[in-house]
Amino acid sequence: MPPTPATSPETSAGADREPPGQVDLSAHRPAAAELARAAELTAGELLAPPAPVRLGDVVPAPEQVRPDPTADFTLPADAAVRVGPDPDAREVAEQLAELLRPATGYPLPIVVEATTTGGPLVLTLAAATPPAGVPRPRTAAEDTAGAGAAGAVAGAAEPAGTDGAASVGGVAEPVSPGGVDPTPSAAGPTTVGADELGAEGYRLDVTPTGVRISADTATGLFHGVQTLRQLLPAAVESPSPVAARWVVPGGVLVDRPRFPYRGAMLDVSRHFFGVADVLRVIDHLARYKLNHLHLHLTDDQGWRIAVDSWPALTTVGGATEVGGGPGGFYTGADYRRIVRYAARRHVTVVPEIDLPGHTNAALTAYPELAPDRVAPPPYTGTEVGFSYVDPASERTYDFVADVLGEVAALTPGPWLHIGGDEAFKVKGAAYTGFVERTQRIVAGTGKTVIGWHQIAPAGHAEERVLQWWGTDGTDPVVAEAVRRGARLILSPGNHAYLDMKYAPDTPIGHDWAGLIDVRRAYDWDPGTHVAGVPADAVLGVEAPLWTESVTTLAEIEFMFLPRLPAIAELGWSPRSAHDWAGFRERLAGHGPRWATAGIAFHRAPEIPWPAERDAADTPTTATPTPPATPTPTG
C-alpha cells in the first residue's frame with residue numbers, strides 16, 4: 001500500500017482545539033532546538049554552492065528553458081514521489097524512484113493522490129501551461145525554415161542583464177536557447193497550449209520546495225524523468241549510496257520532440273547478442289529520449305527469431321555467426337521479454353526480416369526457398385549481395401506470409417521492416433514485384449511497412465516508410481517515392497552509421513562511408529538532408545550499428561557513445577538549438593555519468609571531458625571494458 005500523507009493539525013479532528021476566542025500562546029513558541037534547526041537550514045541554503053548542473057545542460061537540448069538560480073531545489077531524505085491514480089503515470093513514478101533510490105539511499109515511497117498537491121517530487125498528467133512569454137514549439141517544417149534566424153544553444157546563455165535575458169522570479173536570467181526567446185514567434189501563436197505538448201512533450205518546474213513534471217501522457221512524464229535524471233549530480237548514476245547534496249537547478253523547462261521517430265538499430269545477426277545485452281541497449285536509448293529499437297533479426301550469417309511454422313530457421317539457421325561462433329536466437333518468450341522491457345521505457349521495437357536478399361541462413365535451413373533448391377553452406381564471412389529467396393516461387397510467398405505473420409503477432413508496435421537492400425541478383429520487375437507483394441502481406445498483418453530505400457522504385461503502399469542510408473543527399477528515385485506518399489527515416493551512412501570508425505586507429509569498425517567522429521555525427525540536418533524531400537516527409541532519424549566487427553556489449557557501448565546522443569539531439573531538439581560548441585560542452589558532462597554507471601564509451605578527443613580520477617584507466621582509442629552489471633529486469 002502506498003503511504004498515506006500524515007494528517008496535519010489543520011485537518012485533524014477538532015476535539016483538541018482551543019475554544020473559540022482562546023489561543024494557547026505556549027503551543028506556538030518553538031523550542032530552542034527547532035529555532036536552531038530552522039536557522040541551520042536557512043544558512044545552509046544561503047551558503048550552499050549553486051547546482052553543479054545548469055538547467056540547459058540537458059542532452060538532447062530542451063526546446064524551451066528558463067533558468068532561475070534563486071529556485072534551486074535540494075532533494076530531502078524523506079521525499080516521496082506523488083502521483084495521480086492513472087496506472088501508467090504510477091508506473092513512471094515507480095521508475096523515477098527506482099532511478100534515485102540506489103545512489104541516494106532514500107526510500108522514496110510512492111504516494112497516490114486523487115489530485116496531486118505540492119511536494120518534493122510530483123508527477124502530473126494534466127494541462128501543462130508554459131511559462132509566460134515562451135513561444136509556441138514549431139513544427140519540423142517551420143523549424144527547418146526558421147533555423148537560420150534562431151538564437152543560440154542550450155547552456156550557452158547571454159550574461160544576465162543583457163538583451164538576451166528574461167525575468168524569472170524577479171531576477172534577470174539568461175534565456176537558454178532551443179528556441180526560447182521572449183519575442184513571440186512569427187510562425188504562429190505565442191504560447192504552448194496544453195494540447196500542444198503532444199504525445200511526448202512535458203513541462204518540468206523546479207522551485208525551492210520541489211520538482212513537478214507535467215505532461216499529457218505517461219510517455220511525456222517518462223521523458224521528463226530522464227531530464228530530471230540529467231539535472232541531478234552525476235553521482236546519481238551510482239549503483240550504491242553516495243553522500244551527496246542532491247540539488248536540481250531551478251527554473252522552468254518545456255520540451256517536446258522535433259520528429260516522432262527517433263531510434264537506433266542493433267544488428268544481432270552478424271554477431272548474436274543475448275537478451276540482457278539488448279535490454280541494456282534499450283536503457284541507453286531511453287536515457288536520450290530515443291523511442292525506437294530496430295532489431296536486424298535475419299541475415300546471411302544467422303536467423304535470430306523463432307518462427308514456429310518454420311522451426312529450422314533457428315535450429316539450423318541460427319547456429320552460425322561471423323567468424324564461426326555459436327550464434328544463437330530468441331525464443332518467442334525472449335522476444336516478448338525484450339518488447340515488454342522496451343514498452344516500459346516507452347521504446348517501440350521494430351523487427352526486421354531482411355528480404356529478398358541477405359537470406360543465406362534461411363536457405364541453409366530450407367533449400368526449397370533457393371532458386372536452385374540446393375542448400376548453401378553456412379556463411380560466416382562479411383560479403384553481401386549473393387543470396388536471395390526465389391521470387392518466382394509460390395513457396396517463397398508462403399514462407400514470407402508465415403514469418404511476417406508470426407513476427408507481427410509477437411510485436412505490438414505498428415512497424416514491420418522488410419529490409420530490401422543489396423539484393424543484387426534480383427533485378428528489375430522481379431525485384432519490384434517481390435517488394436510489392438511483400439508490402440501487401442505486411443498490410444494484411446495490420447502493420448506499416450518499412451524498408452531500406454532500395455525499395456523506392458516499387459509501387460507505393462499506404463503509409464510506407466523508406467529508411468535512407470545513402471551518402472549523397474541527391475537521390476531523385478527516393479524523392480519521387482516521397483512525392484508518391486512515402487515518408488523517410490534518415491540514416492545517412494556517412495553521418496549516422498555507428499559501425500564506422502571514429503578515427504583511423506579505432507580498433508573496431510569500418511570506414512567504407514568515411515570516418516565518423518562526434519562532430520560528423522552531429523553536423524547535419526535531417527529536415528534538409530535529402531534534396532527534394534520536405535521536412536514534413538521526414539518521420540525521423542535512426543543510428544544503425546552493424547556488428548560484423550562488434551562482438552561484446554562493451555564494444556556496442558564503445559561505438560554508441562558518445563555518438564548516439566548526437567543523433568538523439570538531431571531527432572529531438574529544434575533546429576534552432578543546433579550548435580556544435582554548445583553540444584560538445586553539454587555532452588562532456590555525460591562522461592562522468594557513464595563512468596559512474598559502468599558504461600563503456602570512447603573518450604573522443606574533440607569533447608572536453610572533465611578531469612576524472614580514473615581518466616588514465618580509460619584509453620582514448622582502445623575499447624573500454626565495463627564492470628559486470630546485473631541482468632536488467634522488466
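Among the residues of the stretch 486-521, those that are open to solvent by 60 Å² or more (accessible area, probe 1.4 Å) and part of a loop (DSSP other than H, G, I, E, B) comprise Pro504, Asp505, Pro507, Asp511, Trp512, Leu515.
If I filter the stretch 61-80 for residues that are farther than 19 Å from Pro249 by Cβ, touching a strand residue (DSSP E or B) at 6+ places or on another chain (Cβ under 6 Å) and at pLDDT 95 or above, do I get at least one hit? Yes, some residue in the stretch 61-80 is farther than 19 Å from Pro249 by Cβ, touching a strand residue (DSSP E or B) at 6+ places or on another chain (Cβ under 6 Å) and at pLDDT 95 or above. Scanning the stretch 353-377 for residues that are open to solvent by 60 Å² or more (accessible area, probe 1.4 Å) and on the phi > 0 side of the Ramachandran plot yields a count of 1.
Against the criterion of being part of a helix (DSSP H, G or I), of a type outside the set (Gly, Ala, Ser) and at pLDDT below 95, Asp163 does not qualify. Please tell me if Val53 is buried (at least 23 other Cβ atoms within 10 Å of the Cβ) and either at pLDDT 95 or above or farther than 25 Å from Asp216 by Cα (or both). No. Taking every residue in the stretch 499-528 that is in the same structural domain as Ala554 (by the TED database) and pairing it with any residue that is open to solvent by less than 10 Å² (accessible area, probe 1.4 Å) and modelled with pLDDT under 95, at least 6 positions away or on another chain, the pairs with Cβ-Cβ distances below 8 Å are Gly527/Asp143. For the stretch 318-342, a residue qualifies if it is assigned to a loop (DSSP other than H, G, I, E, B) and touching a Lys or Arg at 6+ places or on another chain (Cβ under 9 Å), and the qualifying residues are Gly318, Glu321, Gly327, Gly328, Phe329.
Considering only residues that are in contact with a Pro (Cβ under 6 Å, 6 or more places away or on another chain) and assigned to a loop (DSSP other than H, G, I, E, B), which ones fall in the stretch 357-390? If the condition is that a residue be in contact with a Pro (Cβ under 6 Å, 6 or more places away or on another chain) and assigned to a loop (DSSP other than H, G, I, E, B), then Arg373, Val374, Ala375, Val389, Asp390 are the ones that fit.
With a requirement of 1 or more residues that are over 15 Å from Glu557 (Cβ atoms), open to solvent by 10 Å² or more (accessible area, probe 1.4 Å) and of a type outside the set (Gly, Ala, Ser), the strands (runs of 3 or more DSSP E) lying completely within the stretch 236-311 that satisfy it span 251-255, 292-296. Based on this model, can you work out whether Thr547 counts as open to solvent by less than 30 Å² (accessible area, probe 1.4 Å) and of a type in the set (S, T, N, Q)? Here the answer is yes, as Thr547 does meet what is asked. Looking at Ala568, Ala581, just one residue is among the aliphatic types (A, V, I, L, M), closer than 24 Å to Gly224 by Cα and modelled with pLDDT of 95 or more, and that residue is Ala568. Please determine, by comparing only the residues of the stretch 378-401 that are more than 18 Å from Tyr431 (Cβ to Cβ) and not polar (S, T, N, Q), which one is surrounded by the fewest Cβ atoms within 10 Å (Cβ to Cβ). Step by step, filter the stretch 378-401, then rank; the result is Glu383.
A single member of Val316, Val350, Val322 is open to solvent by 10 Å² or more (accessible area, probe 1.4 Å), within 25 Å of Val550 (Cβ to Cβ) and in contact with a His (Cβ under 8 Å, 6 or more places away or on another chain), and it is Val322.
The values are calculated or read from the model by the stated rules, or taken from the named source; none is laboratory data. Keep in mind it's a predicted model, so treat the numbers as computed, not measured. Because the Cβ atoms are built from the backbone with ideal geometry, glycine has one as well, and the counts that use them run over all protein chains shown. For accessibility, only protein heavy atoms count, side chains too; no ligands or nucleic acids. Shrake-Rupley method; radii C 1.70, N 1.55, O 1.52, S 1.80 Å.
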